1. With every protein chain left in place, what is the accessible area of Y39 in Å² (1.4 Å probe, nearest 10)?
2. Q51 to L19: FRET efficiency via 1/(1 + (r/R0)^6), r the Cβ-Cβ distance, R0 25 Å, to the nearest 0.05?
3. For every other residue with a beta carbon closer than 15 angstrom to the beta carbon of Q23, add +1 if it is Lys or Arg and -1 if Asp or Glu, then tell me the sum.
4. Could you tell me the accessible area of R26 in Å² (1.4 Å probe, neighbours in place), rounded to the nearest ten?
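The values are calculated or read from the model by the stated rules, or taken from the named source; none is laboratory data. Note that this is a predicted model, so its numbers are computed, not measured. Glycine also receives a Cβ, built like all others from the backbone with ideal geometry; neighbour counts cover every protein chain displayed. Quick note on the areas: whole protein, heavy atoms, side chains included, nothing else; ligands and nucleic acids left out. Shrake-Rupley method; radii C 1.70, N 1.55, O 1.52, S 1.80 Å.
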Amino acid sequence: MVIKGEKHLAEVAKMQDPLSRHQRYRYTLQREGSSHVIYWGHEPTEEAALQMANMYLTVLDEAVSLKQSDGSKPKRVQYITVPVPLRA
């Protein structure tokens, strides 16, 4: 399954873990038109892989839109991960 963003795309595919023989779902993110993988990961369920791929795709596309909105210099954005119990 391929998910398209502004300038990037994410692909989610089923795979089998060679060590445990369990089915996993791998997601990759890359710039549209490029074969270079920017980020990849794997999750135990397809739903989790889709959520992670969408999250990273959103981050990449927000970075592109911030850079294009000003025109000259990209704005600095910092993403900080917070443990689940601390989220509002």
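1. Surface open to solvent at Y39 totals about 90 Å².
2. Working: r = 24 Å, r/R0 = 0.98.
For R0 = 25 Å, the calculated efficiency reads 0.55.
3. Working: positive: K14, R21, R24, R26; negative: D17, E43, E46, E47.
Surrounding charge for Q23 is 0.
4. Answer for R26: close to 100 Å² accessible.
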